[in-house]
Amino acid sequence: VVQLVESGGGSVQAGGSLRLSCAASGYTGSYYCMGWFRQVPGKEREGVAAIDNDGRTSYADSVKGRFTISKDNAKNTLYLQMNSLKPEDTAMYYCAADGLWTVVAGCALYNYNYWGQGTQVTVSS
(Lines give C-alpha, C1' and ligand atoms only; values in the text may rest on other atoms or scores of the structure.)
Protein backbone atom coordinates (compact mmCIF):
# COMPACT_ATOMS: atom_id res chain seq x y z
CA VAL A 1 0.00 0.00 0.00
CA VAL A 2 1.29 3.45 -0.95
CA GLN A 3 0.69 6.33 1.44
CA LEU A 4 1.39 9.99 0.63
CA VAL A 5 1.42 12.70 3.30
CA GLU A 6 1.80 16.38 2.40
CA SER A 7 3.13 19.13 4.64
CA GLY A 8 4.43 22.67 4.39
CA GLY A 9 1.28 24.53 3.43
CA GLY A 10 0.31 27.79 5.05
CA SER A 11 -0.50 31.43 4.51
CA VAL A 12 1.89 33.79 2.75
CA GLN A 13 1.76 37.22 1.13
CA ALA A 14 2.03 37.68 -2.62
CA GLY A 15 5.62 37.49 -3.77
CA GLY A 16 6.59 35.15 -0.97
CA SER A 17 7.85 31.58 -1.06
CA LEU A 18 6.76 28.24 0.33
CA ARG A 19 8.09 24.69 0.09
CA LEU A 20 5.74 21.73 0.16
CA SER A 21 6.87 18.23 1.09
CA CYS A 22 5.33 14.85 0.39
CA ALA A 23 6.50 11.87 2.41
CA ALA A 24 5.90 8.59 0.60
CA SER A 25 5.69 5.23 2.33
CA GLY A 26 5.08 1.74 1.09
CA TYR A 27 6.33 0.43 -2.21
CA THR A 28 6.81 3.16 -4.81
CA GLY A 29 9.72 1.78 -6.82
CA SER A 30 7.56 0.80 -9.76
CA TYR A 31 5.94 4.26 -10.00
CA TYR A 32 7.86 6.26 -12.56
CA CYS A 33 5.93 9.54 -12.13
CA MET A 34 5.09 11.63 -9.09
CA GLY A 35 3.49 15.03 -9.13
CA TRP A 36 1.68 17.92 -7.49
CA PHE A 37 -1.88 18.98 -8.18
CA ARG A 38 -4.06 21.76 -6.81
CA GLN A 39 -7.77 22.37 -6.51
CA VAL A 40 -10.08 25.24 -5.63
CA PRO A 41 -13.63 24.41 -4.45
CA GLY A 42 -16.00 24.19 -7.40
CA LYS A 43 -13.24 23.76 -9.99
CA GLU A 44 -11.41 20.83 -11.53
CA ARG A 45 -8.18 19.56 -10.06
CA GLU A 46 -5.22 21.04 -11.94
CA GLY A 47 -1.86 19.42 -12.58
CA VAL A 48 0.97 21.67 -11.39
CA ALA A 49 4.23 19.77 -11.77
CA ALA A 50 5.54 16.24 -12.20
CA ILE A 51 8.86 14.41 -12.15
CA ASP A 52 10.05 10.99 -13.25
CA ASN A 53 12.76 8.79 -11.77
CA ASP A 54 15.37 10.22 -14.13
CA GLY A 55 14.67 13.77 -12.97
CA ARG A 56 12.76 14.88 -16.06
CA THR A 57 10.16 17.48 -15.07
CA SER A 58 6.85 18.78 -16.38
CA TYR A 59 5.14 22.04 -15.40
CA ALA A 60 1.86 23.77 -16.00
CA ASP A 61 2.34 26.97 -17.98
CA SER A 62 0.94 28.99 -15.10
CA VAL A 63 3.81 28.04 -12.77
CA LYS A 64 6.81 27.78 -15.12
CA GLY A 65 9.70 29.84 -13.87
CA ARG A 66 8.22 30.11 -10.38
CA PHE A 67 7.79 26.54 -9.11
CA THR A 68 10.38 23.76 -8.97
CA ILE A 69 9.62 20.09 -8.35
CA SER A 70 12.30 17.79 -6.96
CA LYS A 71 12.80 14.47 -5.18
CA ASP A 72 15.07 13.14 -2.48
CA ASN A 73 15.17 9.45 -3.27
CA ALA A 74 17.09 8.55 -0.11
CA LYS A 75 14.34 10.11 2.02
CA ASN A 76 11.56 9.00 -0.32
CA THR A 77 10.23 12.55 -0.32
CA LEU A 78 8.81 14.78 -3.04
CA TYR A 79 9.12 18.57 -2.88
CA LEU A 80 7.55 21.60 -4.52
CA GLN A 81 9.43 24.87 -4.13
CA MET A 82 7.04 27.74 -4.83
CA ASN A 83 8.48 31.21 -5.39
CA SER A 84 6.91 34.51 -6.42
CA LEU A 85 3.55 33.30 -5.20
CA LYS A 86 0.40 34.94 -6.52
CA PRO A 87 -3.12 35.05 -5.08
CA GLU A 88 -4.26 32.78 -7.91
CA ASP A 89 -1.96 30.08 -6.52
CA THR A 90 -4.30 29.75 -3.54
CA ALA A 91 -5.61 26.17 -3.47
CA MET A 92 -5.47 22.83 -1.75
CA TYR A 93 -2.30 21.14 -2.97
CA TYR A 94 -2.15 17.36 -3.38
CA CYS A 95 0.75 14.99 -3.83
CA ALA A 96 0.18 12.21 -6.37
CA ALA A 97 1.96 9.04 -7.49
CA ASP A 98 1.81 6.60 -10.40
CA GLY A 99 1.07 8.96 -13.25
CA LEU A 100 1.15 8.55 -16.99
CA TRP A 101 4.59 8.65 -18.64
CA THR A 102 5.39 9.06 -22.32
CA VAL A 103 8.71 9.02 -24.11
CA VAL A 104 7.91 12.34 -25.79
CA ALA A 105 6.79 14.46 -22.83
CA GLY A 106 7.81 12.54 -19.73
CA CYS A 107 5.32 12.58 -16.88
CA ALA A 108 1.86 13.83 -17.70
CA LEU A 109 -0.09 16.20 -15.48
CA TYR A 110 -3.03 13.81 -15.33
CA ASN A 111 -3.92 10.11 -14.85
CA TYR A 112 -2.45 9.54 -11.39
CA ASN A 113 -3.60 6.66 -9.20
CA TYR A 114 -2.52 7.52 -5.64
CA TRP A 115 -3.22 10.72 -3.72
CA GLY A 116 -2.34 12.41 -0.46
CA GLN A 117 -4.81 14.20 1.79
CA GLY A 118 -3.79 17.68 0.70
CA THR A 119 -2.25 20.76 2.28
CA GLN A 120 -3.76 24.24 2.06
CA VAL A 121 -1.83 27.13 0.48
CA THR A 122 -3.25 30.62 0.83
CA VAL A 123 -1.65 33.63 -0.86
CA SER A 124 -2.88 37.09 0.10
CA SER A 125 -2.48 40.24 -1.97
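When GLY35, GLY47 are checked against the criterion of being part of a strand (DSSP E or B), closer than 22 Å to VAL5 by Cβ and touching a Leu at 6+ places or on another chain (Cβ under 6 Å), a single residue qualifies: GLY47.
Quick check: is even one residue across the stretch 23-40 open to solvent by 20 Å² or more (accessible area, probe 1.4 Å), closer than 23 Å to SER84 by Cα and of a type in the set (Phe, Trp, Tyr)? Among the residues of the stretch 23-40, not one is open to solvent by 20 Å² or more (accessible area, probe 1.4 Å), closer than 23 Å to SER84 by Cα and of a type in the set (Phe, Trp, Tyr), which makes the answer no.
Somewhere in the stretch 42-50, is a residue at pLDDT below 95, within 20 Å of GLY106 (Cβ to Cβ) and of a type outside the set (Gly, Ala, Ser)? No: zero hits.
Consider the stretch 62-86 and keep the residues that are hydroxyl-bearing (Ser, Thr, Tyr) and more than 10 Å from the chain's Cα centre (by Cα). The one that is farthest from GLU46 (Cα to Cα) is THR77. So for the stretch 44-59 (the condition being over 16 Å from TYR114 (Cα atoms) and aliphatic (A, V, I, L, M)), does at least one residue qualify? No, the stretch 44-59 has no match at all. Restricting attention to the stretch 19-60, the residues being farther than 21 Å from ASN76 by Cβ, touching an Asp or Glu at 6+ places or on another chain (Cβ under 9 Å) and not small (Gly, Ala, Ser) number 3.
Scanning for something charged (D, E, K, R) and more than 15 Å from THR119 (Cα to Cα), does the stretch 31-42 turn up at least one residue? Explain how you work it out, then say what you get.
The first filter runs over the stretch 31-42 and keeps only residues charged (D, E, K, R), leaving 38.
In the following step, the residues that additionally are more than 15 Å from THR119 (Cα to Cα) were identified as none.
For the stretch 31-42, residues charged (D, E, K, R) and more than 15 Å from THR119 (Cα to Cα): absent.
Of all the residues in the stretch 80-109, those that are among the β-branched types (Val, Ile, Thr) and touching a strand residue (DSSP E or B) at 6+ places or on another chain (Cβ under 9 Å) number 1.
For TYR110, are the conditions met, namely being exposed (fewer than 15 other Cβ atoms within 10 Å of the Cβ) and in contact with a Leu (Cβ under 8 Å, 6 or more places away or on another chain)? So TYR110 fits the description; yes.
The values are calculated or read from the model by the stated rules, or taken from the named source; none is laboratory data. Since the structure is predicted, the reported quantities are computational estimates derived from the model, not experimental observations. Virtual Cβ from ideal backbone geometry, glycine too; neighbours counted across all protein chains shown. When the accessible area is computed, the model is the full protein with side chains, heavy atoms only, and any ligands, DNA or RNA have been set aside. Shrake-Rupley method; radii C 1.70, N 1.55, O 1.52, S 1.80 Å.
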